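The values are calculated or read from the model by the stated rules, or taken from the named source; none is laboratory data. It should be emphasised that the depicted structure is a prediction, and the values quoted were computed from it without experimental measurement. We place every Cβ from the backbone using ideal geometry, glycine too, and count neighbours over all the protein chains shown. The area values use the complete protein model at the heavy-atom level, side chains included, leaving out ligands, DNA and RNA. Shrake-Rupley method; radii C 1.70, N 1.55, O 1.52, S 1.80 Å.
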Amino acid sequence: MSNDPEWITAAIQSASKLNPSVPDAVWTNVENLLRGKFSQRSIPPVELAGIARQLIEDMVPARPTREGEK
Amino acid sequence: MRIKTISLSWFRGAADPISMEPDCKSMVVYGVNGSGKSSFVDAIEYVLSEGRIGHLAHEYSGKKLENAVPNTHKPQGKKTTLSVKFCDGSEVNTEIRSDGSTKTSGSIGPWDYRRTVLRQGEVVEFIQNTKGGKYSALLPLFGLQPMEVAAENLRQVAKNVENLSQLEARKAVLAQANLKRRAAFGAATDDQIVKKIAVLHEKYCSEKNSTKDAIPRCKESVIAIDAKIAQLSADQARHIALRSVGNVDLKSDIGTVRATILKLAGELDPLISHKLAVLQPAETLLGKLPDEGEVECPACGRLIGADKFRDHVRFELERLREIRETFNARNAAMGCLCDDVKILKLSISKPEVKPWREEAARGELADCLDYLSTLNADALRTACNEPDLQGIEKKLLPLIVAADSATAEAPASVKELLDDKQTVEAAKAAIESKGQAADVARADALAHLIRAVEQTTREQIRLRSNAVIAEISEDIKKMWSILHPGEAIEDICLYLPKDADKAIDIGLKFHGKLLDSPRLTLSEGYRNSLGLCIFLAMARREAVHDRPVILDDVVVSLDRNHRGMIVQLLGEEFAGRQILLMTHDRDWYTELRQQLDEASWTFKTLLPYESPKIGIRWSHKTTTFDDARAQMKERPDSAGNDARKIMDVELALIAERLQIKLPYLRFEKNDRRSAYDFLMRLVADAKKCFQVRTGTDFVAHEKAVETLSLADKLLISWANRASHSFDLTSSEASKLIEACEKAIECFKCSTCRKYVWFTEASGAEWLQCHCGEIRWRYGKG
């Protein structure tokens, strides 16, 4: 039995429905934590901090570009 | 994928190359303690676990087991190597260098050590382990370890989000900012505040249309108001400065600090008593930790393993979150008080306030001014107790009141200027804190959603564990019923305790009563039997892969009856699997040799270990007489005694096979017959029942009768001396062992090498070897 994609997709989808304002990039990164290399090993502290920092940045909604403003 | 050979050279107990050669069949290896059986098991673990051997990992073995893996007496120039060859032609060859590094060719594939090898120590360790320990041991076998790793990673990421965002501290600061906003604007909305800013901006910066954003408007307004203030007369400037003294809200600061100190004390008192109650048993607990695998947490009363203690402490910290928030709020309130005292100091020291200050110094406020000048405002940020608060109340509040009264005489235009400046500054702080609040809310939401996904992952683990556990529990029950038929221990199952995460335990019904753990009632032998069933149930889940099952001395604490059932269990549940079974139990080995089918089983015995330079050695015989022979020189009486003990078991089994009738003895004496009893009867029956073919006819097997008679004679005379008077000589012991060995051997055909009970001959009551050269007519003795 492994980390098959079905339940992960379902888990992320149900959590994202409850948090509609959270940007897609955050969900992508959280989903990555459940798959592939991140589920094979305990992430070392420095890398954990990097992932957390990235997630915090991803939570900030993208500002409209100058083109968009125009 | 079966094992063909395991070859060792200067690895563990091995010296010059030695091979164990099951040759794709199942195998029973017998050897006394220390003869080197486990060296072969170590080799398998070394290969499966990439250079790790669990029982050798300790402080003296070196990081790469370089002190433990090579033979301690390996000569210079010799290499430590191991090789495992498989029946499909693949092989793994490893050379282990003196620093523990390895050079390996080939691969064993994705075998799971825990599902392949079971050692005696591991059975005990598993059963005695904590619920958490069992969870850690079984989860990888359920295939759920990646999910557990992912859940733990999520938990750690959530914690990092909270720490990096300084969530708790910033929440406390925001709470303070909100208090100030309510004081300045009441229940006004953000829009209403922005409108107020727009009006004031229009009032002071009407010529500027540079921006519509609130914060720049606030800044421009403050600059414009300050410019107007700079143009005021000295008297008006004094009013302005005094107003800033009067505006310092020390009273509210003191109230907040006092309230948070009180709240903290309210939560702290029970916490301190609680923690004290924890510390005392914890001291006792620490002394016990090395000896006990599971201890009761003094904080919550749950049983917990030492290795899980750190995790548990983290969990307790989570539980203390509320008090940590109060603690942070108290610190934030002390920070505000500190800032306001500094503002007060700065405002009163301004030159425009000098006349007012001098007048105050001559009156009742002299003490207050002295107190303010000597007060260390920065110290209040880290430590502020009730006497400090009372001092501030008594000495500084009168100064503020006096300054506030003095500003009452200020002209209306000055008052308006001051009110507007104050409003703009409060509006700026409110708008800025709104941005902060958004940051904090985002970080908070992020931490919550990561924890929610972690929770979902854990629910999935639980769901899947339950499914696997239900499946395995059926197998465990079945295997238990084979090992312990009709016994009052039933319904054995693995289960996930409802009151704990990351835990698995074993439930059972003991004489009709449901129990949460086998440790409440089961004896050591029963617990080990249970551990064996669990391992075999796990190993059985891999049946499709046809991987071997290796059992290293796992029946030590089982009695003869239960040990005997293992053959039935292996026969029923693992008929198609290769089993490598190591044992130091001579009687059991003899039983297995007699009971298991030679077509699919091989039997080998190891010689007792002599020295590291000689290393592990195989006996050339499948019987265990070499154990006795090894003692011939030094302790001939022990050698003779051992020969008799071996004969006790061998002859009992032969008598059973040949259905030898023995006179009934009362009670348990029936089960305690000795070699003498069996041999006497066998000699008598052999004369009538044991036949050998000569040409087309069968005649009495006189040679066998002679051989048995000689063994009988020597056992009575010399084995008795070995047991009672201890004066047997080496040559006598040697002759005795040889006679016994030949007596057993005489039941084996010299042509086909099968025993006389190999098969039933055509016609009733005849047993014969494979080729029919020798036969035994049972029931006619």
Notebook entry, point to check: Going through the range B:161-190 one residue at a time, which ones are within 14 Å of chain A (Cβ to nearest Cβ) and within 16 Å of B:S433 (Cα to Cα)?
Noted result: B:S165, B:Q166, B:L167, B:R170
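Output yes when any residue across the range B:174-184 is without any contact (Cβ under 8 Å) to a residue 12 or more places away in the chain and in contact with a helix residue (DSSP H, G or I) (Cβ under 6 Å, 6 or more places away or on another chain), and no when none is. Spell out the reasoning first.
As a first pass, look at the range B:174-184 and keep what is without any contact (Cβ under 8 Å) to a residue 12 or more places away in the chain: B:182.
Pick out the ones that are also in contact with a helix residue (DSSP H, G or I) (Cβ under 6 Å, 6 or more places away or on another chain) and you get none.
No, every residue in the range B:174-184 fails to be without any contact (Cβ under 8 Å) to a residue 12 or more places away in the chain and in contact with a helix residue (DSSP H, G or I) (Cβ under 6 Å, 6 or more places away or on another chain).
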Item checked: Every pair of residues 6+ apart whose Cβ atoms lie under 9 Å, when the first sits in the range A:43-63 and is at the interface with another protein chain (Cβ under 9 Å from one of its Cβ atoms) while the second is assigned to a helix (DSSP H, G or I) and of a type in the set (S, T, Y) -> A:D58/A:T28
Checklist line | Residue match in the range B:749-757 (condition: among the basic types (K, R), in a helix (DSSP H, G or I) and out of contact with any strand residue (DSSP E or B) (no Cβ under 6 Å at 6 or more places or on another chain)) | finding: no
Margin query: So for the range B:354-364 (the condition being within 17 Å of B:D249 (Cα to Cα) and in contact with a Leu (Cβ under 7 Å, 6 or more places away or on another chain)), does at least one residue qualify?
Written below: no
Next item on the list: Identify, by number, the condition in (1) more than 14 Å from chain A (Cβ to nearest Cβ); (2) of a type in the set (A, V, I, L, M, F, W, C); (3) touching a Ser or Thr at 6+ places or on another chain (Cβ under 8 Å) that B:I193 doesn't meet.
Entry: (3)
Item checked: Hits in the range B:506-521 (condition: at negative phi and either open to solvent by 10 Å² or more (accessible area, probe 1.4 Å) or small (G, A, S) (or both)) -> B:G507, B:K509, B:F510, B:K513, B:L514, B:L515, B:D516, B:S517, B:R519, B:L520, B:T521
Notebook entry, point to check: Hey, among B:A158, B:A224, B:A150, which residue is aliphatic (A, V, I, L, M) and closer than 26 Å to B:V440 by Cβ?
Noted result: B:A158
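Condition check ((1) under 30 Å from A:S16 (Cα atoms); (2) in contact with a Lys or Arg (Cβ under 7 Å, 6 or more places away or on another chain)) across all residues:
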position: B:A429; (1), (2): no, yes
position: B:D444; (1), (2): yes, no
position: B:V453; (1), (2): yes, no
position: B:T457; (1), (2): yes, no
position: B:I469; (1), (2): no, no
position: B:E474; (1), (2): no, no
position: B:H484; (1), (2): no, no
Checklist line | Subset of the range B:22-45 that is closer than 18 Å to B:R577 by Cβ and of a type outside the set (A, V, I, L, M, F, W, C) - its residue that is most open to solvent (accessible area, probe 1.4 Å) | finding: B:D23
Margin query: Of the residues B:E487, B:E459, B:E474, only one is surrounded by fewer than 16 Cβ atoms within 10 Å (Cβ to Cβ), at pLDDT below 90 and in a helix (DSSP H, G or I); which?
Written below: B:E459
Notebook entry, point to check: Could you say which residue among B:A188, B:A198, B:A169, B:A184 is within 26 Å of B:A443 (Cα to Cα) and either out of contact with any Lys or Arg (no Cβ under 8 Å at 6 or more places or on another chain) or open to solvent by less than 40 Å² (accessible area, probe 1.4 Å) (or both)?
Noted result: B:A169
Checklist line | Given (1) in a loop (DSSP other than H, G, I, E, B); (2) modelled with pLDDT under 85, index of the condition B:D311 fails | finding: (1)
Note to self: I need a count of the residues in the range B:566-584 that are among the aromatic types (F, W, Y) and in a strand (DSSP E or B).
What the structure shows: 0
Checklist line | Complete set of residues in the range B:202-246 that are outside any helix (DSSP H, G or I), open to solvent by less than 60 Å² (accessible area, probe 1.4 Å) and among the polar types (S, T, N, Q) | finding: B:T211, B:S233
Item checked: Any hit, the range B:718-732, residues being open to solvent by less than 50 Å² (accessible area, probe 1.4 Å), on the phi < 0 side of the Ramachandran plot, in contact with a Lys or Arg (Cβ under 9 Å, 6 or more places away or on another chain) and not in a helix (DSSP H, G or I) -> yes
